[in-house]
Structures are given as structure tokens and as C-alpha cells.
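The values are calculated or read from the model by the stated rules, or taken from the named source; none is laboratory data. Please read these numbers as outputs of a predicted model, since none were measured by experiment. In this analysis, Cβ positions are derived from the backbone assuming ideal geometry, glycine residues included, and neighbour counts consider all displayed protein chains. What goes into the accessible areas is simple: the full protein's heavy atoms, side chains included, and nothing from ligands, DNA or RNA. Shrake-Rupley method; radii C 1.70, N 1.55, O 1.52, S 1.80 Å.
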Amino acid sequence: PSPVAARLLRQAARRGLTGGTPWQLSRLEDRRIQSILNSVTGVDAVVQVGDLGSTRVPFYLYQDLSYAIHGAAAASPGGTGAPQLGPRVQARREQRQQRLYDLASGVLVMGRWFADELVRSGMSADKIHVVGAGWNVGVPARLRRPDPDRLRLLFLGRDFVRKAGDDVVEAVLWLRANGAHHTLTVAGPAEWPYEGPVPAGLTFVGPASRADVATLIDSHDVLLMPSRFEAFGIAIVEALVAGMPVVARRAYAMPDLVPEGCGVLVEEAEAGQIASAIRIISGDPEAWQRCFVTAPSVKHQRSWDAVASAVTYAIEATT
């Protein structure tokens with residue numbers, strides 16, 4: 001960051017900002033971006049990824065989450081693992097976002113869950129358009145025939161706690177201690193989250209590029225992603241595109257992503273429930289056949305081309 005951004009970082013730290021990238025959330029950065037948006041001409045509409053500011057032409061905000069919902073989740077009892085903002089920054093971002101919601105011609109959301117939350121917060125349903133989100137790693141689907149007693153399990157996620165990596169690890173270690181021979185690969189966190197060496201049967205690979213993710217998905221049997229908080233879950237889609245069953249949670253956007261028979265939804269991010277879900281999948285040899293059959297439709301319906309078509313349709317319907 002620049003010297004100005006570095007100063008803002010230090011100021012934000014003193015205010016108690018514990019999540020996000022402080023200089024990107026500053027008033028200075030808001031003003032800089034708004035000055036750019038003020039010069040936008042010669043277009044019929046502007047689609048913003050996030051909420052950058054207002055424009056003189058109709059604008060639409062594409063989002064998977066709001067500051068208000070994020071803040072409520074981060075502060076909820078028991079915690080979700082979502083990073084928290086300092087109270088002053090949180091309040092300011094919520095107020096600014098609400099002002100942009102009021103000015104926007106429409107809000108384009110990734111999932112039905114977020115749309116429902118916005119309606120509950122008082123936004124008109126007519127202003128909200130569910131357009132989805134697309135996969136970034138498209139591993140060709142193949143029919144997997146794994147050994148049900150030796151499943152190669154995969155956890156993907158930089159936010160280890162938010163995505164319930166701790167309970168995933170506990171579940172797999174419990175299964176191995178009770179006679180199972182499953183293995184688990186943990187990818188995403190910058191470093192192994194525990195003290196001591198990585199336990200037997202577990203592999204830690206650290207941060208993963210898209211090429212790494214493609215290789216990991218192709219070489220494993222089940223994705224474990226029962227997140228404590230998940231606004232959408234593109235990794236779930238990418239596993240399903242490849243024909244891989246998933247263990248996710250019956251919460252937030254996750255139930256809408258997993259076709260029936262292509263995984264197990266646990267009620268809570270809890271090691272016992274995750275272990276039970278792994279056992280259910282291991283005892284269902286047809287799960288991989290069902291996922292292989294549904295993979296092409298997931299690949300088509302959850303593509304960025306499909307998202308672009310939905311965005312275009314939403315804008316044409318409101319202009």
C-alpha cells in the first residue's frame with residue numbers, strides 16, 4: 001500500500017478494525033472511486049461487483065452479502081468465523097451501503113438466501129434479481145469409483161474456521177481412530193492451523209492456485225465444506241461440476257447448490273454430524289453415479305455465461 005494507505009491501516013488498527021482491508025474501507029478510497037464513477041458516460045447501465053458508488057446512469061450492484069448481514073453473523077453467539085469490523089467502521093459501511101441500495105436500479109444477488117435476507121431487511125422484492133455465480137475451476141466430470149473404506153476427502157478454504165475446517169479435521173481423525181482408512185487433504189490456509197505436526201492420514205498443502213484446486217478436485221472423492229457461514233460457496237459448485245459428492249450445511253446458500261442425492265447436508269458444523277455424513281456417503285456407492293449424471297447440468301446452469309445472461313435479462317426488464 002501507499003504511504004497514505006499505510007497510515008490508514010495504522011489508524012484502522014487503533015480503532016479496533018479486525019477484519020477486511022482497512023484502506024479499501026476508508027472514506028478516502030470511497031471518494032477516489034466515486035470521482036471515477038462521476039465521469040462515466042456513454043453507457044446505458046453500470047454493473048458493479050460490490051457497491052463502489054453511484055453513477056448518473058442506472059446502476060446495479062452484484063453481491064453475495066451485505067454489511068448488515070455480515071455484521072450480524074460475525075457478532076452472533078458462538079461465532080461463525082466471519083471477520084468482524086470495528087463498530088464505527090461497521091456502522092459507516094452499513095449506512096453507506098443502504099444509501100446505495102436506495103439509489104440503485106437493482107440489486108443482483110448470487111443466491112436465493114441472500115435475496116430473502118434483503119427482503120426481510122425491508123428491500124422490495126421487485127428490486128432484487130437472483131442471477132447466481134459461476135464456477136472458476138471446471139474439472140471435466142468423470143465417473144469416480146472410489147473404495148468406500150478409503151475415501152480421499154478434501155477440504156478447500158482459506159478461512160479455516162469459518163468453513164469449519166476444525167470440525168472437519170476432528171471428524172476425520174475420529175473416523176480413523178475408529179477403524180476407517182479415509183484420508184483428508186487440507187488446502188487453503190497459509191499455515192497448518194494446529195500446533196505440532198500434521199496427523200497421520202492428513203495432508204496439508206497450504207494455499208492453492210486454480211490449477212492446484214483443479215488437480216485436488218480431480219484426485220479426491222468427496223469435498224467437505226460444512227461452513228459455519230457461507231454466502232454462496234463456489235468450491236461446492238466446482239466439486240459438483242467434476243462429479244464429486246459434497247458434505248455441506250443446511251444453512252445459508254448451501255442447500256440451493258447441492259442437487260438431491262449428490263451429497264449430505266448437516267444441520268450444524270459439528271464433528272459428529274460431519275463424521276455421520278461421511279459414513280452415509282461411503283455407504284452409498286451410487287452417489288458418484290448420480291453426481292456424474294447431474295454434473296453437465298450443474299456446469300451449464302452455474303456457468304458465468306449463465307450469470308451474464310441472467311444479469312442482461314434483469315437489466316433489460318428494469319430499463
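Data table
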read-out	value
Projected-area mean, the stretch 117-183, by convex hull of Cα positions, square nanometres	8.0 nm²
Sequence-separation-based contact order of the chain, relative, with Cα cut under 8 Å and 6+ spacing, percent	16 percent
Relative packing of 170-183, 258-271, which averages over residues the other C-beta atoms within 10 Å, highest first	258-271, 170-183
Contact order normalised by residue count of the stretch 169-319, Cα under 8 Å, 6+ apart, percent	18 percent
When the convex hull of its Cα atoms is projected in every direction, mean area for the chain (nm²)	17.7 nm²
Longest to shortest principal axis, alpha-carbon extents of the stretch 153-281, angstrom	38, 33, 25
R0 of 45 Å, Cβ-Cβ distance Trp192-Leu143: FRET efficiency to nearest 0.05	0.85
Average projection area in nm² (convex hull over Cα atoms of the stretch 98-151, one quarter of hull surface)	6.8 nm²
Theoretical FRET efficiency, 1/(1+(r/R0)^6), r = Cβ-Cβ of Ala200 and Ala310, R0 45 Å, to 0.05	0.45
√(5λ) per eigenvalue of the Cα gyration tensor, the stretch 79-173, largest first, Å	36, 21, 11
Farthest positive-ward along the chain dipole, Cα basis, beta-carbon charges - from Tyr62, Leu143, Thr294	Tyr62
Mean residue ellipticity (222 nm) of the chain, computed from DSSP H runs ≥ 4 via -39,500 (n - 2.57), nearest 500	-13000 deg cm²/dmol
Simple spin-label estimate for Asn136 and Asp256 in nanometres, 7 Å along Cα-Cβ	2.0 nm
Surface accessible to a 1.4 Å probe, per residue, for the residues of the chain, Å²	48 Å²
Separation between Cα centres of the stretch 153-181 and the stretch 209-224, rounded to whole Å	16 Å
Approximate shape of the stretch 128-229 as ellipsoid semi-axes (Cα gyration tensor, √5λ), whole Å, largest first	23, 18, 14
Carbon plus sulfur fraction of accessible area for the chain, probe 1.4 Å, in percent	53 percent
Magnitude of the charge dipole, the chain, Cβ model with Lys/Arg +1 and Asp/Glu -1, debye to 20	1060 debye
Nitroxide proxy distance, nm - points 7 Å out along Cα→Cβ at Ser35 and Ser297	5.2 nm
Cα-derived Rg over Rh, computed across the stretch 225-276 with Rh taken as Kirkwood radius	0.92
Fraction in percent of alpha-carbon pairs per bin - 10 Å, the stretch 253-305	23, 45, 27, 5
Mean Cβ count within 10 Å, highest first, over the residues of peptides 311-319, 88-96	88-96, 311-319
Those residues of the stretch 281-319 whose amide nitrogen sits under 15 Å from the label point placed on Asp44, 7 Å along Cα→Cβ	309-319
